[in-house]
Amino acid sequence: MSESRVRPPGIELAGVTRTYGERGPDEVRALRGIDLGIPPGTFVSVEGPSGCGKTTLLNLLALLDAPTSGEVRWDGRTVGTRSERERARLRLAGVGFIFQRFYLLPTLTARENVELPMRALRTARAERARRASELLAEVGLGGRERAYPHQLSGGEEQRVAVARALANRPGLLLADEPTGELDSTNALAILDLLERVRRDRDATLVLVTHNPAVAARARRHITMADGRITSDVAGA
Amino acid sequence: MTLFGRRGSLRHARLQLVLAVAAVGVAVALPVVLVSVGGGVSAHELHDLENAGYQIVVSAPGLHGIADSHSLTERMLSISGVSAASPVLSAGIDTFGASGGPTAALAEGVIPAEFLPTLGPSENGLFPSPLPLGDPMDLVHFANGTYQGHATLDVIVSSPFAAAQNLETGQTLYLGPSANRSQAVGYTITGIFGVPPNLLGPIGAFAVVLPLSDLQVITGYGPAATAVVPDASDTIEVAVAGSVSADPSALSSVEAQIQRLVPYYGVSSLNQEATELQQASGVLTGFYLALSSVGLTIGLLFLALVLLRRVEADRRSIGIRRALGVPGRQIAGGIVAEGLFLAALGGVAGVVAGYLIVEAIATFATSTVQEAAQLAIFVPATLAAIVGGVLALSLLASAIATRAALRIEITEALR
């Protein structure tokens, strides 16, 4: 589908660390001096064992969290340490986030869930409804607009989550273990969908996974261990 | 935040909502009852004041309050603009029928011809006119500053008293200063008068009216009339001509002239008393609201706790919204809207409950409480102000919950 969209930013992380807890024995150093550049429109996978800092890295890229030290830049502008209000504004307009556990709001229908980011951006009601229907049709859920999350299968829920992530036409798509809760058939379908929407929109896609088969879909493979990037390889 | 939370906790969420609405409702019902009943009683008193047949009152309570009341009355009547001046002595006495007694009654001693012109509209028609008390100016028994003349020995009795004691016109009723029948004097019942409606209490229901000089003798030094009995009354009610009544400065001038006659007694216009009553009513309303603020505080504290609990229950939903970039003000707006909705619901429920409570008291309670409830008035502006105040305070409760919602760590909420 061809449409106007937010241009994907060039992302840079410079000397980023993220530490949790008080200084001392309880201190957890989730990221240790990350330097990373992600050009617009690339498909990057981030792999590594549990607890290596993948999700923390993704949270920093999504501006859900702020680094303890170092800088997160979009197109050269420091954004990581801006106020929560500003980061929320950037997130709303520029980032689409897909969670492992879908995180649809249980009291909203599929269409209302997709409309949620557009409502926050004060998109006109008619435009919201039209676009939500289009997106749900695009992810193969035309006709399921009025279904509540508990009436959907896991694969369908994740499709709604993908549609929601695309609602405000973001340039940056972030997916945290998007197939972690799905069977292999649904996992493949979701990966195909993500690849297609990324390609159609020329968006940047950063996909966190510990599944090598999923990571293999990406053009660039980052591997992490113990809060550090241990390899960064461009694929075929 | 959604109104009914997650499906799994639907019943729990509904219970919280019902309890929050109930807490606010109870908190609102209390001031509604207090203010409507208190305001009603004050308005009733004010109405009575504004519709009294007299405009100025001289008062010095007690059996020996205002000395020389006969001559003072004559001097007041000579003031330009004064149309009537009625001294009244109110005293508790004992009455005896032909064989029974004693029965306590409130006796009012009046100058018959001066008494009727000072009656208000609510008392019109309750008394026979002219009063059948023999000596219209009460100048035979009391003449030239002494009690040398002959008492008329006429009395009129209230209808409740007459009904209770089987008294009829023409019968003899013995009146005395104490329960000792030997000190009582026989009076002929010459008429029966009605009791004004809407009295807050039974005072005045068992009453007799007789010439002022006769009551002065009864309550003075016993039945033997002597020159040393004080010519006393506790109030003198002064009616003025219509033109003076309508002109505040003329009324003030008359009031000042009367005050010069009796510099040691209290002289006040009913306008002044009405103003003071309104001020007192305002103070009472403030007191009622202050008293109610305890309940309101508890109600709104409960509302704040429910909203906080719901923020906690919706922690993940709030985290998801914030992760998607929904601005904090939109999340806050949802919480504030919910707080306002619950407070409005509680406020309306409280007003309805308060109304029903007052109606129940007016229907099923007894005596003074029932009478007071029957006088209650529900002023829409006051009720709206109470609900408005609750809504304003609910913003505070919502602010507490909003603060908690916006302090949720997004990454923590999504774990």
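Would you tell me the mean number of C-beta atoms belonging to other protein chains that fall within 10 Å of each C-beta in A:101-107, as a whole number?
That works out to 6 on average.
Calculate how large, on average over all directions, the projected area of the Cα convex hull of the range B:61-264 is; give the answer in nm² to one decimal.
On the way: hull surface 46.2 nm².
Averaging across all directions leaves 11.6 nm² for the Cα convex hull.
Putting +1 on Lys and Arg Cβ atoms and -1 on Asp and Glu Cβ atoms, find which of B:Leu345, B:Pro327, B:Gln370 reaches farthest to the positive end of the dipole of the range B:302-374.
B:Pro327
How long is the gain from B:Ser78 to B:Gln183 if the chain were fully straight, where each residue apart is worth 0.36 nm and the alpha carbon distance is subtracted?
That pair, B:Ser78 and B:Gln183, stretches by 34.0 nm at full extension.
Run through the range A:59-154 and list the trypsin sites (Lys or Arg not before Pro) located in a DSSP loop whose Cβ has at most 13 other Cβ atoms within 10 Å. Present the calculation step by step, with values, prior to reporting the outcome.
Details: sites: A:Arg73, A:Arg77, A:Arg82, A:Arg85, A:Arg87, A:Arg89, A:Arg91, A:Arg101, A:Arg111, A:Arg119, A:Arg122, A:Arg125, A:Arg128, A:Arg130, A:Arg131, A:Arg144, A:Arg146; in loops: A:Arg82, A:Arg101, A:Arg122, A:Arg144, A:Arg146.
Answer by residue number: A:Arg122, A:Arg146.
Residue farthest toward the positive end of the dipole of the range B:61-264, with Cβ of Lys/Arg at +1 and Asp/Glu at -1: which of B:Val157, B:Gln259, B:Thr219?
Checked the options; the winner is B:Thr219.
Classify the range A:155-227: rounded, prolate or oblate, from the alpha-carbon gyration tensor (a ≥ b ≥ c, eigenvalue square roots; a/c under 1.5 rounded; otherwise prolate if a/b is larger than b/c)? Don't jump to the answer; show the numbers that get you there.
On the way: a/c = 1.69, a/b = 1.18, b/c = 1.42.
Oblate shape, in that a/c is at least 1.5 and b/c is the bigger or equal ratio.
Could you tell me which GluC sites (Glu not before Pro) in the range A:75-129 are loop residues by DSSP with no more than 12 other beta carbons within 10 angstrom of their beta carbon? Display every interim value, and only then the final one.
Working: sites: A:Glu84, A:Glu86, A:Glu112, A:Glu115, A:Glu127; in loops: none.
Taking the range A:75-129 and a limit of 12 other Cβ atoms within 10 Å, no loop GluC sites (Glu not before Pro) are found.
Skipping prolines and chain starts, which residues have an amide H placed within reach, meaning under 5 Å, of the one on A:Phe43, given they are 5 or more residues away or on another chain?
Amide H to amide H, under 5 Å and 5 or more residues apart or across chains, A:Phe43 pairs with A:Leu205, A:Arg219, A:Arg220.
Considering the zone a paramagnetic label at B:Ala98 would reach in this model (a point 7 Å from Cα along the Cα-to-Cβ line), which residues of the range B:146-167 have amide N under 17 Å from it?
B:162-167
Along the range B:336-346, what does the Karplus equation 6.51 cos²θ - 1.76 cosθ + 1.60 (θ = phi - 60°) give for ³J(HN,Hα), rounded to whole Hz, x for Gly and Pro?
3J(HN,Hα) across the range B:336-346, in whole Hz: 5, 4, 5, x, 5, 4, 5, 5, 5, 4, x.
Tally the DSSP beta bridges in the protein assembly as shown and give the antiparallel ones as a percent, rounded to 5. Kindly include the intermediate steps, with their values, before the conclusion.
Working: 53 of 80 bridges.
Antiparallel bridges: around 65 percent, rounded to the nearest 5.
Would you work out which of A:Leu61, A:Gly171, A:Leu194 lies farthest towards the positive end of the dipole of chain A? Charges go on Cβ: Lys and Arg +1, Asp and Glu -1.
It is A:Gly171, whose Cα lies furthest towards the positive end.
Can you give the FRET efficiency to the nearest 0.05 for B:Asn144 and B:Ala67, using r as the Cβ-Cβ distance and R₀ = 22 Å?
Values: r = 16 Å, r/R0 = 0.73.
Approximately 0.85, to the nearest 0.05.
Counting only the backbone N, which residues of the range A:111-132 are under 17 Å from the spot 7 Å out from the Cα of B:Ala337 toward its beta-carbon?
Answer for the range A:111-132: A:112-126, A:128-129.
Order these peptides, B:303-311, A:186-194, B:244-252, by their mean beta-carbon neighbour count within 10 angstrom, highest first.
Highest to lowest by the protection proxy: B:303-311, A:186-194, B:244-252.
Taking the Cα centre of the protein assembly as shown as origin, work out the dipole magnitude from +1 charges on Lys and Arg Cβ and -1 charges on Asp and Glu Cβ, in debye rounded to 20. Display every interim value, and only then the final one.
On the way: 52 positive and 58 negative charges, 1206 e Å.
In debye, rounded to 20, the protein assembly as shown gives about 5800.
Between 0 and 90 degrees, rounded to the nearest ten: what's the tilt of helix A:184-201 against the longest Cα principal axis of chain A?
Around 90 degrees separate the two axes.
Length gain on complete extension for the stretch B:Ala385 to B:Arg407, per 0.36 nm per residue less the alpha carbon to alpha carbon distance?
Working: separation 22, 0.36 × 22 = 7.92 nm, distance 3.33 nm.
Extending this stretch completely gives an extra 4.6 nm.
Assigning unit charges at the beta carbon (Lys, Arg +1; Asp, Glu -1) and nothing else, what dipole magnitude in debye, to the nearest 20, does the range B:61-264 show about its Cα centre?
Numbers: 3 positive and 16 negative charges, 44 e Å.
Magnitude of the dipole: close to 220 debye.
As an exercise, identify the GluC sites (Glu not before Pro) in the range B:45-95 lying in DSSP coil whose Cβ has no more than 13 other Cβ atoms within 10 Å. Each step should come with its number before you reach the end.
On the way: sites: B:Glu45, B:Glu50, B:Glu74; in loops: none.
Here no loop site has a sparse enough neighbourhood.
Suppose a student asked you for the relative contact order of chain A, using Cα pairs under 8 Å spaced at least 6 residues apart; what percent would you report? Present the calculation step by step, with values, prior to reporting the outcome.
Numbers: 489 pairs, mean separation 70.0, N = 236.
Rounded, it is 30 percent for chain A.
Work out how far the C-alpha atoms of the protein assembly as shown reach from end to end along every principal axis, then list the three figures in whole Å, largest first.
Largest to smallest, the principal-axis extents are 136, 52, 47 Å.
For B:Leu396 and B:Val283 in the same chain, what is the full-extension length gain: residue separation times 0.36 nm, less their Cα-Cα distance, in nm? Walk me through the intermediate numbers first.
Values: separation 113, 0.36 × 113 = 40.68 nm, distance 2.65 nm.
Additional length available on full extension: 38.0 nm.
If you place +1 on the Cβ of every Lys and Arg and -1 on the Cβ of every Asp and Glu, how big does the dipole about the Cα centre of chain A come out, in debye to the nearest 20? Before the final figure, lay out each step's value.
Numbers: 35 positive and 30 negative charges, 167 e Å.
Result for chain A is approximately 800 debye, rounded to the nearest 20.
With the Cα gyration tensor of the range B:56-172 in hand, convert its eigenvalues to equivalent ellipsoid semi-axes via √(5λ) and list them largest first in whole Å. Present the calculation step by step, with values, prior to reporting the outcome.
On the way: eigenvalues 139, 60, 42 Å².
For the range B:56-172, the ellipsoid semi-axes come out as 26, 17, 15 Å.
For the range B:241-390, what value does the Rg/Rh ratio take when both radii are computed over Cα atoms and Rh is the Kirkwood radius, given to two decimals? Before the final figure, lay out the partial values.
Details: Rg = 26.1 Å, Rh = 20.8 Å.
Here the Rg-to-Rh quotient is 1.26.
What whole number of Å gives the distance from the Cα centroid of the range B:228-295 to the Cα centroid of the range A:163-192?
Value for the Cα centre distance between the two parts: 83 Å.
Roughly how many nanometres apart are two label points built 7 Å out from the Cα toward the Cβ at A:Leu188 and B:Ser129?
Taking the two extended label points, one gets 10.8 nm.
Okay, helix-only estimate at 222 nm for chain B: each DSSP H run of n ≥ 4 adds -39500 (n - 2.57), divide by all residues, round to 500 deg cm²/dmol; what do you get?
Details: 13 runs with 216 residues, N = 415.
Here the helix-only value at 222 nm equals -17500 deg cm²/dmol.
Rank-order A:49-56, B:23-30, B:398-405 by packing density, defined as the average count of other C-beta atoms within 10 Å over each peptide's residues, highest first.
Those peptides, ordered most packed to least, come out B:23-30, B:398-405, A:49-56.
So, R0 is 35 Å and r is the distance between the beta-carbons of B:Ala246 and B:Asn166; what FRET efficiency does that work out to, to 0.05?
On the way: r = 46 Å, r/R0 = 1.33.
After rounding to 0.05, the efficiency reads 0.15.
Computed from the coordinates by the stated procedures, all read-outs in this text should not be read as laboratory data. What you see is a predicted model, and the numbers here were worked out from it, not measured in a lab. Every residue, glycine among them, receives a Cβ derived from its backbone with ideal geometry; neighbour counts consider all protein chains shown.
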